[in-house]
Amino acid sequence: MFAPFDETKARQVCLKMMADLERDGCEWTGMFGALVCQDAAGNEVVLRAFGGSFEGSWNREGWAPPLFDEEKYKAAIFPNDKKIHELSEVPANESPEQKAARDKERLALCNDTLQKIYSLYSFCCFDQKWRTFSDIAREKLLPTGTGDCSAPKLLSHAFSLGLRPISLAEFYWGKPNSRLVPKNFYPPCDEKCALILPAILGLKIIYRDQNILVVEKPSGLLSVPGRGPDKQDCVVTRAQKLFPQMIKQPSVHRLDMDTSGLMVLAFDEQSHRALNAQFENRLVKKNYVAVLDGVVKEQEGRVELKHRVDLENRPRQILDDVYGKVAVTEWKRLRVWTRRDTAGKERKATSVLFCPLTGRTHQLRVAAAFALGAPIVGDNLYGKEEERLLLHASELCFTHPATGQEMRFESAPPFQY
């Protein structure tokens, strides 16, 4: 995953850590990390962490603690540990049937232990609320070792102390392997950290530099603040909490609350003006993946509709050839398939790639429902409400406001399509 914070200051701390490890003759193999933070008074605070356990110890003075209570962790492992080790030994002359039965029993015991262990993990997030693995992965077990890396330890510890992270870096120490080189720096891993850091940070950071921030907005979160104190939690306020140097109005576009996917924000006024001009002049390419409730027979097409807000039923849009603003959308059918809805009923569905050429309110939802005759699954305004709206901003292309470089980002939908 992309490094969520600038690495410069933390790398200097890590270089000092490397020198200390070398002086002490450390032979342990694993990841180390440093997080430079600021307290409420603006003073810098340095936190250090190691991945997993360091030379057999989960807790060490002066290092960020694990995300669980060590004594409870040992108690959770103990009941099945001996039997798992016995089942790991291959008996002589074992038949294929016996091996399958042994593997099945071992897997069941391992999953039981993993469930008990993961129920112990809790981490402090950007809003200083504590969350558990069940809050972010309700349907399946996370990979073994999730939450044991340096980054989640450091960030959780920082937020629990009321500190603001400003620089994060991690390096590998020990024997080289096929993926990692000793003393090299690496961003948080995709396999485990990418599953937990968005929950800790409040945002999934796709890209960041001194001018722009690209994030993946989850469904259910506002893009910008709404009216009233209950509508202040949004992409913008979360980004500004992580990066206080960001300007007051950083957004140049937005996604509906129920839509997930890519958004770009500006750190400074000049970048904001440049990005805003690109959106106004239709120089930004945006693609969305949607699952429609029903069958669309055509392969592709172009939709041009005039619609406006229904004054009697905001924010719903209605078609209006006189007062409506034109919305232009190109689309392409990806596949027709059978899905199972939240009630367990099988329904025909059409996956579609949308490319909006304008930026009208509910443009894609209106195009699907009124032009293609099949509303987007989960659309509570123009179709049937389900668990979530199956609409995701999957591709975003624009010119970098400072360097002039073409920037292209992709994001896979978090739903089957």
- [ ] Return the total of residues in the range 316-335 being of a type in the set (A, V, I, L, M, F, W, C) and either closer than 18 Å to residue 288 by Cβ or not in a strand (DSSP E or B) (or both).
- [x] 5
Open item on the list: Being among the charged types (D, E, K, R), part of a loop (DSSP other than H, G, I, E, B) and modelled with pLDDT under 90 is true for just one of 27, 61, 94. Which residue is that?
Closed with: 94
TODO: Name the residue, out of 365, 408, that is among the basic types (Lys, Arg) and outside any strand (DSSP E or B).
DONE: 365
- [ ] Pick out, from the range 174-281, the helices (runs of 4 or more DSSP H) lying fully within it that include 2 or more residues that are within 30 Å of residue 27 (Cα to Cα).
- [x] 193-201
- [ ] Among the residues of the range 297-308, write down those that are of a type outside the set (Asp, Glu) and either open to solvent by less than 30 Å² (accessible area, probe 1.4 Å) or assigned to a strand (DSSP E or B) (or both).
- [x] 301, 302, 303, 305, 306, 307, 308
Task: Tally of residues being touching a residue at least 12 places away in the same chain (Cβ under 8 Å), open to solvent by 70 Å² or more (accessible area, probe 1.4 Å) and of a type outside the set (Ser, Thr, Tyr) across the range 108-129 - done: 3
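One line per residue, one yes/no per condition, for (1) in a strand (DSSP E or B); (2) on the phi < 0 side of the Ramachandran plot; (3) open to solvent by 80 Å² or more (accessible area, probe 1.4 Å):
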site	(1), (2), (3)
314	no, yes, yes
350	yes, yes, no
353	yes, yes, no
359	no, yes, no
374	no, yes, no
384	no, yes, yes
395	yes, yes, no
402	no, yes, no
- [ ] For the range 282-296, enumerate the residues that are part of a strand (DSSP E or B) and open to solvent by 40 Å² or more (accessible area, probe 1.4 Å).
- [x] 285
- [ ] State whether the residues of the range 87-107 include one that is touching a residue at least 40 places away in the same chain (Cβ under 8 Å) and open to solvent by 40 Å² or more (accessible area, probe 1.4 Å).
- [x] no
Task: Total residues in the range 181-207, condition touching a residue at least 24 places away in the same chain (Cβ under 8 Å), at negative phi and over 18 Å from the mean Cα position of the chain (by Cα) - done: 2
Task: Which numbered condition residue 369 fails, given (1) surrounded by fewer than 19 Cβ atoms within 10 Å (Cβ to Cβ); (2) free of Cβ contacts under 8 Å to residues at least 40 places away in the same chain - done: (1)
Open item on the list: Can you say whether residue 168 is closer than 19 Å to residue 239 by Cα and modelled with pLDDT of 95 or more, as far as the supplied structure shows?
Closed with: yes
Task: Matching residues, the range 170-199, being open to solvent by less than 30 Å² (accessible area, probe 1.4 Å) and within 15 Å of residue 21 (Cβ to Cβ) - done: 170, 171, 172, 173, 174
TODO: Using the structure shown, decide if residue 143 is without any contact (Cβ under 8 Å) to a residue 24 or more places away in the chain and either part of a loop (DSSP other than H, G, I, E, B) or open to solvent by less than 20 Å² (accessible area, probe 1.4 Å) (or both).
DONE: no
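Yes/no matrix, rows are residues, columns are (1) within 22 Å of the chain's Cα centre (by Cα); (2) at pLDDT 90 or above; (3) open to solvent by 70 Å² or more (accessible area, probe 1.4 Å):
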residue	(1), (2), (3)
40	no, yes, yes
66	yes, yes, no
74	no, no, yes
77	no, no, no
132	yes, yes, no
138	yes, no, yes
- [ ] Considering every residue within the range 19-35, establish whether at least one is free of Cβ contacts under 8 Å to residues at least 60 places away in the same chain, out of contact with any His (no Cβ under 9 Å at 6 or more places or on another chain) and among the hydrophobic types (A, V, I, L, M, F, W, C).
- [x] yes
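The values are calculated or read from the model by the stated rules, or taken from the named source; none is laboratory data. None of the values given here were measured: they were computed from a predicted structure. Every residue, glycine among them, receives a Cβ derived from its backbone with ideal geometry; neighbour counts consider all protein chains shown. These area figures cover heavy atoms from the full protein model, side chains too; ligands, DNA and RNA do not enter into them. Shrake-Rupley method; radii C 1.70, N 1.55, O 1.52, S 1.80 Å.
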